[in-house]
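Q: Sharing a structure below in structure tokens format, with a few things to ask.
The values are calculated or read from the model by the stated rules, or taken from the named source; none is laboratory data. Every value quoted in this text rests on a predicted model; they were computed, and no experiment measured them. Methodologically, a virtual Cβ is constructed for each residue, glycine included, from the backbone with ideal geometry; neighbour enumeration extends over all protein chains shown.
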Amino acid sequence: MIPGFLYRKRFADLSEQDIIALAISSEEDDARIYRTYAQQLRDGYPASASIFDGMAIEEDDHRRRLIELHQMRFGDVIPLIRREHVSGFYARRPVWLVENLGIERIRDEAEQMERDARQFYETAAKHSKDAATRKLLGDLAAAEAGHEEKADALAQTHLNDTAKDAEARTAHREFVLTWVQPGLAGLMDGSVSTLAPIFAVAFATQDTWTTFLVGLAASVGAGISMGFTEAASDDGAISGRGSPWKRGFASGIMTTIGGLGHALPYLITDFWTATVIAIIVVFIELWAIAWIQNKYMETPFFRAALQVVLGGALVLAAGVLIGSG
């Protein structure tokens, strides 16, 4: 035993029966994970779901071969030993940590699962003194190493050009709905709604530090408000807009950034220098918003620019007029 891990065994202390039992439980867990991925992806990514179904079947076959080996060598009673019972053994991330991270993240996780399994079988084969056990573990290590080729073969079967295009469109739509749309709304709100108070305070006081503090407070306050509003307004179950926490994070951060952009120049002590730089930053922000709308929302650029720049200019003018009065 290792101090601090009183209920865990070192891998080197496992018997061959323990190693086979550990391999059986690991294969069973991996098959369940792949089937869970397949179920989660079936609606939006049916072709990729079929790939994970095929990989789960492969894991089932590995488990069956391991059980047959255990029955031949040790009988029908398989010891209960799992990954968490072995010190330093690789662990699988909970499915709920991966499932909301997108199709590419799930595929990357599957690749890491195969690498971990291959390394385990290679190490286990070195510890085995029984010829049949050593052969099977070596075969399974080779099978895990070949799973990338298997995944490629399954991909060629299920992911034709039409399926790839459909999944790419689905992924793009999810990215836009979950990150771009709330982030863009936050950037617009932070950039435009804070203009009036910041420039009103600036021209009313001509105190750059006070203006910065007001801008900082307005930006952070607006970011918190927008983030919680976005997260609480739609859980994504019906709209399909994705995780509310992701959308709230995107909206809140971008709102804060949008407001801070033209508040930070007021850290400069000279009022007119700070104001000129802040106005330049405002127009950069507005053009950036128009570019994002054009790129991700497919809004014609000049129409987006006209709407955003005109609206921002009106709010800026209102703030200047109110502060000057």
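Q: Looking at 319, 252, 236, 242, which one is at pLDDT below 75, assigned by TED's automatic domain parsing to the domain that holds residue 179, surrounded by 20 or more Cβ atoms within 10 Å (Cβ to Cβ) and closer than 30 Å to residue 43 by Cα?
A: Residue meeting the stated conditions: 242.
Q: Here's another thing I want to ask about it. Hey, can you tell me all the residues within the range 68-105 that are under 17 Å from residue 120 (Cβ atoms), modelled with pLDDT of 85 or more and in a helix (DSSP H, G or I)?
A: Scanning the range 68-105 gives 69, 70.
Q: Just the residues that are surrounded by 21 or more Cβ atoms within 10 Å (Cβ to Cβ) and hydrophobic (A, V, I, L, M, F, W, C), please, taken from the range 50-63.
A: Hits for the range 50-63 are 51, 52, 55.
Q: When you go through (1) modelled with pLDDT under 85; (2) within 14 Å of residue 199 (Cβ to Cβ) one by one for residue 297, which number turns out not to apply?
A: Of (1) modelled with pLDDT under 85; (2) within 14 Å of residue 199 (Cβ to Cβ), only one is false for residue 297: (2).
Q: Could you please let me know if residue 202 is at pLDDT below 80 and in contact with a Gly (Cβ under 9 Å, 6 or more places away or on another chain)?
A: For residue 202, the condition - at pLDDT below 80 and in contact with a Gly (Cβ under 9 Å, 6 or more places away or on another chain) - is not met.
Q: Separate question: Is it the case that some residue within the range 107-125 is modelled with pLDDT under 65 and either at negative phi or not in a helix (DSSP H, G or I) (or both)?
A: no
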